[in-house]
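Notes for the one structure printed next.
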Amino acid sequence: MGLFAQALPLKFLGNPVLRQVAKPLSKKEIKSSSTRDLIKGMEKTVAKYEGVGLAAPQVGISKRVLLVVVPETSPPIPCTVMINPRLTDTAPSVDSIGTWEACLSIPGMFGFVPRRPNIQVDYLDEKGKPFRITASGFPAVVIQHEIDHLDGKLFLDHIKRDDLMCEEEWMSRNYDIDQGFGNWTKTELPESETSNFEYGPSN
């Protein structure tokens, strides 16, 4: 049985790990049994709490690993693991979309967060193969939210005081989070693209 064979305990607002910039994985780490166990534990955790994304710092591991799963988009995003992800379309965007966001590490709170409406992210999968996802709408929001976690940021950092409310008030206003808008595409990149990623030091 792996170290993380069960759902993992979450870390909550105030825990210093959520404010650390997570470290990239080395090529050796990506293929290690400890990383496989971490991913399995994260998958069980996001399923347990019915989340749409989870980053390793949220379970106390300051590594650049995240996963997203958005079943309501068309097509649905299956559980997708991203290692050492990087936003590659970084040109300033004059447009933004505002959506209500919540976070497993900040239970009971909702915030109205401005995000880029379209993104492109390159990442490595569990086998170290490079991929690219181009996303818009809600999938783009989820990916940006999770990458923020890897950079020591929380959705609270993006909002004004008036755009934050507790779950009771949020529900009383009949607000909703539309998880079905937007789309995404996934492309496998040439193996040569692996040289463009930042890796942790080899042991």
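All of the numbers you see were taken from the coordinates with simple rules; none came from a lab. This one's a predicted model, so the numbers in the text were calculated from it and none came from an experiment. Counting neighbours? That spans all protein chains shown, and the Cβs are built from the backbone with ideal geometry, glycine included.
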Taking the Cα centre as origin and putting +1 on Lys and Arg beta-carbons and -1 on Asp and Glu beta-carbons, what dipole magnitude results for segment 129-194, to the nearest 20 debye? 220
Positive end of the dipole of segment 16-196, charges at C-beta (+1 Lys, Arg; -1 Asp, Glu), about the Cα centre: which of Thr134, Ile159, Val113 has its Cα farthest in that direction? Thr134
Tell me, what is the percent relative contact order of the chain, built from C-alpha pairs under 8 Å that lie six or more residues apart? 25
Return the label of the correct value of semi-axes √(5λ) of the Cα gyration tensor in Å, as calculated from the structure shown, out of (i) 39, 29, 15; (ii) 27, 20, 16; (iii) 31, 23, 14. (ii)
Find me the longest stretch of the chain that has none of the exposed trypsin sites (Lys or Arg not before Pro), where exposed means in a DSSP loop (not H, G, I, E or B) with at most 10 other Cβ atoms within 10 Å. 1-126
Taking the Cα centre of the chain as origin, work out the dipole magnitude from +1 charges on Lys and Arg Cβ and -1 charges on Asp and Glu Cβ, in debye rounded to 20. 820
Computed about the Cα centre, the charge dipole of segment 84-135 from +1 Lys/Arg and -1 Asp/Glu charges at the Cβ has a magnitude in debye, to the nearest 20, of 100
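Which entries of Lys27/Lys153; Lys40/Lys160; Lys31/Lys160 have Cα-Cα distances beyond 30 Å here?
Lys40/Lys160; Lys31/Lys160
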Residue-averaged 222 nm ellipticity for the chain, from DSSP H runs of 4+ at -39500 (n - 2.57), nearest 500: -5500 deg cm²/dmol
Neighbour counts of other C-beta atoms within 10 Å: give me Cys79, Cys166, Cys103 arranged from fewest to most. Cys166, Cys79, Cys103
Just to confirm the filter: which chymotrypsin sites (Phe, Trp or Tyr not before Pro) across segment 1-110 are DSSP coil and have at most 14 other Cβ within 10 angstrom of their Cβ? Phe12, Tyr49
How many percent of DSSP beta bridges within segment 10-134 run antiparallel, rounded to 5? 95
